[in-house]
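Working notes, structure below.
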Amino acid sequence: MSHHTLPRAHPGTGAPSPAGAVGTAPVATGPVATAPVATGPVATGPVATGPAATAARAAGEPPSAAERASAAAAPPAADPLSAADPLSVWPGSTAPVGHDDLAVAGVPLTEVADRFGTPAYVLDEAEVRHRCRAYLRAFPGADVYYAAKAFLCRALVHWVREEGLGLDVCSAGELELAVGAGFPPERIVLHGNAKSPADLRAALRLGVGRIVIDSTSEIARLAAAVPPGARQKVLIRVVPGIAAGGHAKIRTGTDDQKFGLSLTDGSAQHALARVLGQPRLELVGLHCHLGSQITTVKPYLSAVRRLTGLLARIHEQHGITLPELDLGGGHGIAYRPGEPTLGLASLGSRLRAELARGCAAAGLPVPRLAVEPGRAIVGPAGVVLYRVLSVKRTGAHTFVAVDGGMSDNPRPALYGVRYAPRLIGRRPSAPPEPVTVVGRHCEAGDVLAADVELPGDLRPGDLLAVPVAGAYHLSMASAYNLVGRPPVVAVAEGQARLLVRRESLADIQERDIGL
């Protein structure tokens, strides 16, 4: 979901609202939730002209700063749909500064690099808030839980809470950080295929709203840990047997993988019966998560049909009506211009319609729906900055090495993800040529962007900016080669502030107490 698939309703330039106004503005509901949103081909077309711009204007969206700057800088194309807008995957507030820089939320990226060093993550606060609101509009009356595994820090907890979202956590660590930052525990859902005793103790002690049961062995352990006289609300994670997701390693809706309880072999039904036999557990609904980077609505509709069928069987066999249905997340976004995305408005309207039809046919009330976006909220709001350390030409290949790598972004090595880095800070004097951007670590697989077009005169000291860096970068970072993890810098209303400081050598050494 590029930022152009989420229409801005803000006055003025079309950039995200100032952070001060965002925190207090009411969330749009009712008719606003069904307003048309540019989806499908619009999401991948150019911004300033053509059907994409027409659809956005019809939805009431003024041109963004990036759109106006792009239109002013480039001559009209003969075919307006021949190429994707290079800024389409950047935060909506992104705008050119002079001939060689970009600003996000009014802050030049070169200034961020000079002030905070590199590598550094830049997070557009207003973009995060805007995306939270877009989900509330697309799913009126539903619960929207931000998936903390994508990225979590105390400031983000604060933003998500202010925008009215719940929180989905996967460990005692995420849970304690969130509650310690003031997040209401009753609006938190705890996940995990192998929750530790510490995870369950923290969840019960702090009073989380829901715990998602992922295995039959977890049922008795959880029930035994619930204090006498109390009841813990739970959901059963069902595996519906649906293959969806951008890579085999992130598909979780199929059988024969570690998550959930299979609908096909009866494990889900068996777990349901066991939960109903535990007086300290209150079964309130079903949960399902198909995978990640899903760019079509069809798999979600299939999941709704299968889970609605299970709700009907539960009603027939046990005489109960479960009031909640959580469909997880996995909503795909574009990492490079022109890539497909999942249209949020279409997803919301079609899911709700399919659920209503299925429940009507089964004679059931419609359960309260929940979704768990993570990447789709924070991913496009982030940019990572790197300095070039060396440029090496070996045979037919050019390798551009930067001062980060797989320790701050393991996703290319794990999933083969492709990015679109951009030179900022100076005007190139050579045309683009194919290069491979690599990290500084002692692994041949430490590749950040393979075979991308960058200026042929790249040299040490140059600054590269990589968009769509807000999700599963720092949250999956490691201490490989004892290279400290980068800082996170928030930008809003022309100001930059540090959210998470850079991990120093002193931090690393303090943990080592072996002598």
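The values are calculated or read from the model by the stated rules, or taken from the named source; none is laboratory data. Just so it is clear, the model here is predicted, and its values are computed rather than measured. So basically every Cβ, Gly included, is an ideal-geometry build from the backbone, and we count neighbours across all protein chains shown. All accessible areas refer to the heavy atoms of the entire protein, side chains included, with ligands and DNA or RNA removed. Shrake-Rupley method; radii C 1.70, N 1.55, O 1.52, S 1.80 Å.
At a glance:
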{"item": "Whole-number percent relative contact order across region 344-499, with pairs defined as alpha carbons under 8 Å at least 6 apart", "result": "26 percent"}
{"item": "Estimated FRET transfer efficiency when R0 is 41 angstrom, pair His318-Ser475 (beta carbons, to 0.05)", "result": "0.60"}
{"item": "Flagged links, alpha-carbon separation over 25 Å, of Lys149/Lys233; Lys149/Lys392; Lys195/Lys298", "result": "Lys149/Lys392; Lys195/Lys298"}
{"item": "Cα-based radius of gyration of region 332-376 once divided by 2.2 N^0.38 Å, which approximates compact folds", "result": "1.52"}
{"item": "Cα shape, region 274-384, gyration tensor, a/c 1.5 rule", "result": "prolate"}
{"item": "Two-site label geometry, Ser429 and Thr264: point separation in nm, points 7 Å out along Cα→Cβ", "result": "6.1 nm"}
{"item": "Region 399-502: GluC sites (Glu not before Pro) in DSSP loop, at most 12 other beta carbons within 10 Å", "result": "none"}
{"item": "Relative intensity, log₁₀ I(q)/I(0), of region 357-409 from a Debye sum that treats every alpha carbon as a point, q = 0.16, 0.28 Å⁻¹", "result": "-0.74, -1.08"}
{"item": "Calculated from backbone phi, Karplus (6.51, -1.76, 1.60) coupling profile of region 447-458 in Hz, x at Gly/Pro", "result": "10, 9, 7, 8, 6, 10, 8, 9, x, x, 9, 4"}
{"item": "Accessible surface, region 448-507, averaged per residue in Å² (probe 1.4 Å)", "result": "41 Å²"}
{"item": "Net charge, Pro487 excluded, C-beta distance under 10 Å - Lys, Arg +1, Asp, Glu -1", "result": "+2"}
{"item": "Cα centroid of region 165-214 to Cα centroid of region 352-401, whole Å", "result": "22 Å"}
{"item": "Fully extended contour minus Cα-Cα distance, from Cys442 to Ala360, at 0.36 nm per residue", "result": "23.7 nm"}
{"item": "Region 357-515: C-alpha pair distances exceeding 29 Å, %", "result": "32 percent"}
{"item": "Inter-site label distance for Glu186 and Glu503 at 7 Å from Cα along Cβ, in nm", "result": "3.7 nm"}
{"item": "Overall form of region 422-493 per C-alpha gyration tensor (a/c, 1.5; a/b vs b/c)", "result": "oblate"}
{"item": "Whole-number percent relative contact order across region 384-458, with pairs defined as alpha carbons under 8 Å at least 6 apart", "result": "33 percent"}
{"item": "Peptides 322-334, 108-120 ordered by average Cβ neighbours within 10 Å, highest first", "result": "322-334, 108-120"}
{"item": "Overall form of region 332-420 per C-alpha gyration tensor (a/c, 1.5; a/b vs b/c)", "result": "prolate"}
